[in-house]
1. How large is ³J(HN,Hα), in whole Hz, for each residue of segment 105-120 in order, when computed from phi with the Karplus curve 6.51 cos²θ - 1.76 cosθ + 1.60 and θ = phi - 60°, using x for Gly and Pro?
2. Mind listing the phi-derived Karplus ³J(HN,Hα) values for segment 94-99, rounded to whole Hz, using 6.51, -1.76 and 1.60 with θ = phi - 60°, and x for any glycine or proline?
3. For Asp119 paired with Arg164, estimate the spin-label separation in nm (one decimal), with each label point 7 Å from Cα along the Cα-to-Cβ line.
4. Please list 13-21, 93-101 highest first by mean number of surrounding beta-carbon atoms within 10 Å per residue.
5. Residue-wise, which Karplus ³J(HN,Hα) couplings in Hz belong to segment 21-34, taking 6.51 cos²θ - 1.76 cosθ + 1.60, θ = phi - 60°, and x for glycine or proline?
6. Looking at the P(r) of segment 80-134, how many percent of alpha-carbon pairs lie beyond 15 Å?
7. Taking a quarter of the surface of the Cα convex hull of segment 1-135, what do you get in nm²?
8. Assuming R0 = 35 Å, what is the FRET efficiency of Thr23 and Thr95, from their Cβ-Cβ distance, to the nearest 0.05?
Amino acid sequence: MPEMLEPETSAASLDALQADAETYFDRAEAALGHIPQPERWETPERDHFWSELPPEISEDASRLTERLLTLAGRIADAVRNSPLASEADQRDLMTGTKAMRAALLLREFHSWSTEVINDEDRILGVHPAGQSEDTPSSPQTARRVFANWTGKIRGILDLVTASRGLGPIRGEASTPARYRPGTAFK
């Protein structure tokens, strides 16, 4: 049986992860101070910064990534069952987790929606939705992205915490109505 999420414990775990990530980014910044930021017109390798990290620092990133994914999985279960959290919160958690993981790997996470390519009334094609981690990110930029998403996920956790105090609304059944086969057109 999966471990139940206690929002307060998860908030503390998120805070601890943020503090440890700050230490990691400090160490990465010190180790990569000599690596120049790519120019805007260059197309650097996605591991432009990551490949230059000393092994002990990249191992820290791997451990932080594992902690992040474990915590995000527990939060996702709680968000799905929270009356105050919406599908948008689930998507934000998913996107934030991917962006934070990419930041730990010193990459930028990008995602895009499906784009219909048309000319007035004719559809010429469709550019499908997708995502990418192909752009390198400096430790300074990665730190800001990680902190930004930590704050957003903290807000989602606040909704989950507030939902714990909600019970069934007075006058409403505690279980949803069920569909009975063969009764749709009677």
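1. Once rounded to whole Hz, the list reads 8, 6, 9, 9, 9, 10, 9, 8, 8, 5, 10, 8, 9, 9, 10, 6.
2. So the Karplus estimates, Gly and Pro as x, are 4, 5, x, 4, 5, 5 Hz.
3. Each label point is offset 7 Å from its Cα along the Cβ direction, giving 5.9 nm.
4. Packing order, densest peptide first, comes out as 93-101, 13-21.
5. 5, 4, 4, 4, 5, 4, 5, 5, 4, 5, 6, 10, x, 8
6. 63
7. Values: hull surface 49.6 nm².
One quarter of the hull surface, i.e. the mean projection, equals 12.4 nm².
8. On the way: r = 25 Å, r/R0 = 0.71.
The pair Thr23/Thr95 has a calculated efficiency of 0.90.
Coordinate-derived values only; no laboratory data. Bear in mind that the values here come from a model prediction, so they are computed numbers and not experimental data. Every residue, glycine as well, gets a Cβ built from its backbone with ideal geometry; the counts of neighbours run over all protein chains shown.
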